[in-house]
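Since every read-out is calculated from the coordinates, none of them should be taken as a lab result. Since we're looking at a predicted model, the values are computed, not measured. Virtual Cβ from ideal backbone geometry, glycine too; neighbours counted across all protein chains shown.
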């Protein structure tokens, strides 16, 4: 009989953490915090500045998990939120807390799933930019109506607006290029102005789009300084300082720096994805700093990755914030270990290396963290830290989503994945923990990104499963991925091709067959590739390939009726310790026939779905459903 077990909720963190200082109607200092989470969604905390006690308000709207854009009106004190991935506008009025967080509806269905920024015009209207439609929408609080103007750029998908005190409306496009677009609200027309930066990932370039202390909009760039008014960008010799606060910037993670009545300023004393400590400082040097402990309650954070450590324990990562958790293989001892790097995104991959050590590779910037499970967990970036954040895989931060990591016999860590925003073609890189040296190859083959890696002892080469994922904000350029063999000694490509596998899509998963140097491979097209990058749907198929002969021995399509891959685990082939090969789908588990590759369903999820595929230990498969860590003993 199959045994299904709930292990627990490993992480109850929060994301998109912001503080919104202000004043109450009677002039007292007011401090409100906003944050998102997966179980419970958008929340607002009204903080008692004397005690740290929080009045907590949770959104009742499903899908409002990430308050990507948030702005507290300087005119009314109302908090406005744009949430992903539902793309809705929300309102919280601290003067009327009994109304809670109000869902005002979709900003622009289909065009605004990720609201990039909210700005307030002098007349009180709100102007909202969004991904993926590079769209601009106006919301009028007086009428409660949306006016949707649609796409403002034909190339880019991200749009970040600002509003000047003179009623000028301008927006910046991202991510393939930085460009300014002026908008005329009277006619609904728009046009590009000023210079264009075609190297948005070049840190040597300067491009700062902001609202100045005079209330007007400016661009300060290495191509010139400009004042933006009406529909014109006028060159100027100097620009004023930036106005403090979220109203001055397109940077959606910006912390408002506003002094409250009484000269108080507030900041989180820690921002590790579970902010509990608040520091209150005063502009008067004689007034001592005060510290408060906040008592908000979290519900659960989406799990993103699960792996087996060299110490035979289960490890995993949550998403936004990235915390590492651990439990024993019997499900006991579940613990949230905490932060493992400065990125606080999510660990995409992990691997054992050296003498029982673990490496994590995380988004963004493919940051590498090194951990010794035999020592106390003490995250940091300096000597004695465990895990130790050693920074991005490459200084240029070309690497961004590290889908795969593996340790090779020479001790190096090899990491492959999708590139930074706006780029095409993901890199393959390596890091040597013994010498702290690194190497990077910009692309294995053009317009592809590594999805999975497997060391082939028979060939003494690295087998790479390539897909077509580009960086966020651009679309795919290839119809299919490929297989590649990499000579790690010469550090160069030995061969790349499709092995004549019909209907090849993305090579998502590779596991050794355990005989004759053969490998089982999974070809599929994950849902996010279709939804976010414009790829064409493709069937799921399992293939047995011979990398030495560069051919397919057998292959079989997975019937569409069996469902899709897990949301966060395209790498869904698993080899059990007895040699059995399994395919994990969102709705259950299939056994792969070793000769024909045909799959047979052996277990169906009793409820919800599988979002993340973990390891098989003995007969036990670990997996995640949203924020819940689970396991099942396979028949």
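What whole number of Å gives the distance from the Cα centroid of region 88-138 to the Cα centroid of region 276-309? Spelled out, the Cα-based centre of one part sits 26 Å from the other.
Classify region 461-599: rounded, prolate or oblate, from the alpha-carbon gyration tensor (a ≥ b ≥ c, eigenvalue square roots; a/c under 1.5 rounded; otherwise prolate if a/b is larger than b/c)? Oblate. Over the residues of the chain, the helix contribution to mean residue ellipticity at 222 nm works out to -500 deg cm²/dmol, using -39500 (n - 2.57) for each DSSP H run of at least 4.
For region 107-257, the C-alpha radius of gyration sits at 0.97 times the compact-globule guess of 2.2 N^0.38 Å, with N the residue count.
Would you mind classifying region 389-525 by shape? Square roots of the alpha carbon gyration tensor eigenvalues, ordered a ≥ b ≥ c; an a/c under 1.5 is rounded, otherwise it is prolate if a/b is larger than b/c and oblate if not. Oblate, because a/c is 1.5 or more while a/b does not exceed b/c. Between the alpha-carbon centres of region 455-517 and region 520-556 there is a gap of 10 Å.
The Cα atoms of the chain cover 76, 50, 50 Å along the three principal axes, with the biggest extent listed first. Ordered from longest to shortest, the equivalent ellipsoid semi-axes for region 550-612 are 21, 13, 12 Å, each the square root of 5 times a Cα gyration tensor eigenvalue. Give the shape of region 19-130 as rounded, prolate or oblate, defined through the alpha-carbon gyration tensor: a ≥ b ≥ c are the square roots of its eigenvalues, a/c under 1.5 means rounded, and otherwise the shape is prolate if a/b is larger than b/c and oblate if not. Oblate, since a/c reaches 1.5 and b/c is not below a/b.
Each peptide in 595-603, 611-619, 449-457 gets a packing score, the mean of other Cβ atoms within 10 Å over its residues, and the list from highest to lowest is 449-457, 611-619, 595-603.
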